[in-house]
1. For residue 45, work out the one condition from (1) over 30 Å from residue 3 (Cβ atoms); (2) in contact with a helix residue (DSSP H, G or I) (Cβ under 8 Å, 6 or more places away or on another chain); (3) free of Cβ contacts under 8 Å to residues at least 60 places away in the same chain it doesn't fulfil.
2. Condition check: at pLDDT 75 or above, assigned to a helix (DSSP H, G or I) and surrounded by 12 or more Cβ atoms within 10 Å (Cβ to Cβ). Does residue 146 satisfy that?
3. On the basis of being closer than 26 Å to residue 119 by Cα, exposed (fewer than 14 other Cβ atoms within 10 Å of the Cβ) and either modelled with pLDDT of 90 or more or in contact with a helix residue (DSSP H, G or I) (Cβ under 6 Å, 6 or more places away or on another chain) (or both), does residue 95 make the cut?
4. Which of the residues belonging to the stretch 53-86 are at pLDDT 95 or above, touching a helix residue (DSSP H, G or I) at 6+ places or on another chain (Cβ under 9 Å) and either more than 30 Å from residue 2 (Cα to Cα) or not in a strand (DSSP E or B) (or both)?
5. Name every residue in the stretch 15-25 that is assigned to a loop (DSSP other than H, G, I, E, B) and surrounded by 12 or more Cβ atoms within 10 Å (Cβ to Cβ), in order of residue number.
6. Checking the condition assigned by TED's automatic domain parsing to the domain that holds residue 115 and surrounded by fewer than 13 Cβ atoms within 10 Å (Cβ to Cβ), which residue from 81, 46 passes?
7. Suppose we filter the stretch 26-52 for residues that are touching a strand residue (DSSP E or B) at 6+ places or on another chain (Cβ under 6 Å) and part of a loop (DSSP other than H, G, I, E, B); how many remain?
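The values are calculated or read from the model by the stated rules, or taken from the named source; none is laboratory data. The shown structure was predicted, so the numbers you read here are calculated from the model rather than taken from an experiment. Quick reminder, even Gly has a Cβ in these numbers, built from the backbone with ideal geometry, and neighbours come from all protein chains shown.
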């Protein structure tokens with residue numbers, strides 16, 4: 001890794017530690033809080049819509065959000081690690097098979113809808129099993145694996 005990539009990676013880690021950025025992808029509906037400065041006052045303006053594209057390029061990562069306002073399509077590109085993005089809130093997940101949803105620009109009404117991705121939680125078969133969650137530490141994961149092996 002060259003020096004520039006190393007510095008960018010450090011900046012991304014530093015920024016990710018201060019802000020809570022949810023995992024989202026194309027098709028998801030997000031609500032982005034943007035800092036707007038009007039004279040001496042600063043306020044947060046929210047922009048809610050469907051993510052139609054996401055570009056992951058380290059510190060210059062960005063995403064495009066599309067919404068229909070008063071019958072007119074509005075798209076806005078936000079930097080993922082920008083100082084003016086106050087918050088990103090995931091409203092719902094969408095089922096899509098593409099990384100870029102530019103085809104939504106030509107659609108309106110019901111044809112522009114995106115189906116919601118349903119959460120399939122733990123089933124009855126996995127309810128009692130000691131499978132660790134994603135936030136578990138390595139030691140907890142290892143403990144759970146050993147416990148499963150000892151049951152067999």
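1. (2)
2. Numbers: at pLDDT 75 or above: yes; assigned to a helix (DSSP H, G or I): yes; surrounded by 12 or more Cβ atoms within 10 Å (Cβ to Cβ): no.
Spelling it out, it is not the case that residue 146 is at pLDDT 75 or above, assigned to a helix (DSSP H, G or I) and surrounded by 12 or more Cβ atoms within 10 Å (Cβ to Cβ).
3. Numbers: closer than 26 Å to residue 119 by Cα: yes; exposed (fewer than 14 other Cβ atoms within 10 Å of the Cβ): yes; either modelled with pLDDT of 90 or more or in contact with a helix residue (DSSP H, G or I) (Cβ under 6 Å, 6 or more places away or on another chain) (or both): yes.
Judged against the criteria, residue 95 is a match.
4. Matches in the stretch 53-86: 66, 75.
5. Selection gives 19, 21, 24, 25.
6. Values: 81 fails: surrounded by fewer than 13 Cβ atoms within 10 Å (Cβ to Cβ).
46 is the lone residue from the list that is assigned by TED's automatic domain parsing to the domain that holds residue 115 and surrounded by fewer than 13 Cβ atoms within 10 Å (Cβ to Cβ).
7. 3
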